[in-house]
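Inspection log for the structure reproduced underneath, given as structure tokens.
A short reminder: the numbers here are calculations on the coordinates, not readings from a lab. Treat the numbers as computed from the prediction; the structure is a model and nothing was measured. Heads up, the Cβs are rebuilt from the backbone with ideal geometry, glycines too, and the neighbour counts pull from every protein chain shown.
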Amino acid sequence: MSLSKPIATFNFHGFYTLLMKEVWRFMKVMTQTVLTPMITVLLYLLIFSSVLSEHVEVYAGVSYSAFLVPGLIIFSVLQNAFSNTSSSLFQARQNGNVLFVLLAPLSSLEFYLAYVLAAAIRGLLVGVAVWFASLFFVDIPIHNPGLILLFALLGSVLLGALGLMSAVWAKRWDHIAAFQNFVILPLSFLSGVFYSIQDLPPMWSELSYYNPFFYLIDGFRYSFLGVSDASVGVSLLMIGGAVVVTTLISLRILDSGYNLRE
């Protein structure tokens, strides 16, 4: 693969074929890739809301359940976008199937876009499923539908790129699990999914502003509730910058052939 191909020769047919192959891969097992994450998130909602809804009010006039749902939606989007690229590409490496993709007339950009957009589609599908199921338990306001889609798309692209990088880097499935358990999950849980950072002690509240996932979850929650802990403009700037950085790193890794051309 090479990025030296001019944009005018972008292989749309090859890109679309690889994209559809990746989408079809997770669609064939929707019980595992969409239904199971939805049920898991609903369990979070039922447990936390039943215990805390009558005792906690994060924002004035907003129930804890309504506060919690947007965080759980974007949490599920991020986890599934990461899982899609990391599991698919690493399995292709393990089985040797990735060599057939590398032999195709696809540039690194086309390869990257196909894998990451497939991850975004899976993440958005899970997010929609969680949102729809949540409507049976809590009334969820919608402040800005456009921002909801934008933050969900940026988040799924960001985690799709991180999943791609982890799949290229990993030598064993343990490495994928370690990256998810020691990087993705802590950053997600410590970003305000279940709480507002304003309720934290001053030191931990300040540290939260260095967590890029915080801006993603806070901005996404603002899209529903109309209130947030940080400026929406700053959140978009931070997440947009993170997407650009991870995209450039991913393209550089793919163009080098690191761990792919063995």
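The table below lists the values:
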item: Net length gained if the chain between Ile249 and Trp173 were fully extended (0.36 nm per residue, minus Cα distance); result: 25.2 nm
item: Dipole-positive endmost among Ser208, Ser235, Phe100 within segment 7-256 (Cβ charges, Cα centre); result: Phe100
item: Span-like helix ranges in the chain, DSSP H, alpha carbon extent 15 angstrom or more, Kyte mean at least 1.0; result: 36-52, 108-134, 145-169, 232-256
item: Computed magnitude of the charge dipole of segment 17-130 (debye, nearest 20; Cβ of K, R +1, Cβ of D, E -1); result: 460 debye
item: Cα-centred dipole magnitude for the chain, charges only on beta-carbon of K, R (+1) and D, E (-1), debye, nearest 20; result: 1040 debye
item: Amide H within-cut-off set for Ser63, under 5 Å, with H built and near neighbours excluded; result: none
item: Segment 87-156 versus segment 179-207: alpha-carbon centroid distance in Å; result: 23 Å
item: Backbone HN-Hα couplings from phi across segment 102-107 [Karplus 6.51/-1.76/1.60, Hz, Gly and Pro as x]; result: 5, 6, 6, x, 10, 7
item: Unit charges at the beta carbon, dipole of segment 7-256: most positive-side option, Leu185, Thr9, Thr85; result: Thr9
item: Positive dipole terminus of the chain, leading residue within Gly71, Ala120, Gly219 (C-beta point charges); result: Ala120
item: Residue-by-residue Karplus 3J(HN,Hα) for segment 176-181, coefficients 6.51, -1.76, 1.60, Hz, glycine and proline x; result: 5, 4, 5, 4, 6, 7
item: Per DSSP, loop chymotrypsin sites (Phe, Trp or Tyr not before Pro) in segment 97-146 with at most 11 further Cβ within 10 Å; result: Phe136
item: Spin-label model distance (nm) - Met27 vs Tyr258, 7 Å beyond Cα toward Cβ; result: 3.3 nm
item: Computed helical MRE - 222 nm, the chain, DSSP H runs ≥ 4 contributing -39500 (n - 2.57), nearest 500; result: -23000 deg cm²/dmol
item: Stokes-Einstein diffusion coefficient of segment 168-232, Kirkwood radius over Cα pairs, 4 °C, 1.567 mPa s, in µm²/s; result: 100 µm²/s
